[in-house]
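Working notes, structure below.
The values are calculated or read from the model by the stated rules, or taken from the named source; none is laboratory data. Quick caveat, the model's predicted, so the values are computed rather than measured. Reconstructed Cβ throughout: ideal geometry from the backbone, glycine too, with neighbour counts over all protein chains shown.
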Amino acid sequence: MMKNKLIKKILFGLIIIALVCGSLFLIFKDNFKFKLIRQMIVRPLAEVMSQYQNQACDSFSEQELAQGYFEALVTGYCRPSANNFADRHQFLCSVGLNCACPAGRAEVADCQGRSGLTWSACKDFDDATVDYCHQTASQSQPQSGSAAADWHCFNKNSIVEIENKKYLITDKGSAITGRRFDLWFDNCQDALEAIGIYKVKIPKQYGQ
């Protein structure tokens, strides 16, 4: 008798957990962070990034054309401040992740980020006198509302709409290819938190 009651309690608990998980899925299934987390359950972030970087950004499926949008991996970048780092090398790693390096890059990729991402730090420079993270590929100053994209698909100074917000394409980068975008933030913490899978409106020249 006691055993049957215990089994019933366990089953009831499992049902409650399933209902809660199902409700959370329905609530957050379109959330940009939740979409990324779901993919990272089965593979590392580096693989997720590679997938979106290698996807075509100038051709879309019938479903995407009907919806009017496609999904892209979006990250944030910023101007790191040395005052926010206890270790000089960490600062140089952060600059190397976000910007062009004023004195070039180190030969060894000894910077490590989330989920195994690695890259080269900037060679040391005098950040008190040397400008850094101050100019985009279009020679403009980065500011909130500007973004980096693949210029083969999204022209310099064109507008792209990401999650119903418009951004000006002013920058590009070797890792910003395909369905990958980088949004500029004045605050580096906001840039870190921006990563996710976002809905991007298909530009008119591609059928919309």
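Which residue out of Thr177, Thr170 is at pLDDT 90 or above, assigned to a loop (DSSP other than H, G, I, E, B) and surrounded by 17 or more Cβ atoms within 10 Å (Cβ to Cβ)?
Thr177
Residues that are buried (at least 19 other Cβ atoms within 10 Å of the Cβ), under 21 Å from Asn54 (Cα atoms) and in contact (Cβ under 8 Å) with a residue 24 or more places away in the chain: does the range 134-147 have at least one?
Yes - at least one qualifying residue is present in the range 134-147.
Scanning the range 135-167 for residues that are in a loop (DSSP other than H, G, I, E, B) and aliphatic (A, V, I, L, M), which turns out nearest to Val200 (Cα to Cα)?
Ala149
So that you can scan it fast, the table gives a plain yes or no per residue for (1) of a type in the set (Asp, Glu); (2) over 13 Å from the mean Cα position of the chain (by Cα); (3) closer than 27 Å to Ser61 by Cβ:
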| site | (1), (2), (3) |
| --- | --- |
| Asp124 | yes, yes, no |
| Thr129 | no, yes, no |
| Cys133 | no, yes, no |
| Ser144 | no, yes, no |
| Ala147 | no, no, yes |
| Asn187 | no, yes, no |
| Ile195 | no, no, yes |
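I'd like the full set of residues that are under 30 Å from Gln39 (Cα atoms) and either surrounded by 13 or more Cβ atoms within 10 Å (Cβ to Cβ) or in contact with a Leu (Cβ under 8 Å, 6 or more places away or on another chain) (or both), limited to the range 93-108.
Passing the criteria: Cys93, Ser94, Val95, Gly96, Leu97, Asn98, Cys99, Ala100.
Considering only the range 42-55, I want to know if a residue exists there that is surrounded by 14 or more Cβ atoms within 10 Å (Cβ to Cβ), touching a Cys at 6+ places or on another chain (Cβ under 9 Å) and either outside any strand (DSSP E or B) or not aromatic (Phe, Trp, Tyr) (or both).
No, every residue in the range 42-55 fails to be surrounded by 14 or more Cβ atoms within 10 Å (Cβ to Cβ), touching a Cys at 6+ places or on another chain (Cβ under 9 Å) and either outside any strand (DSSP E or B) or not aromatic (Phe, Trp, Tyr) (or both).
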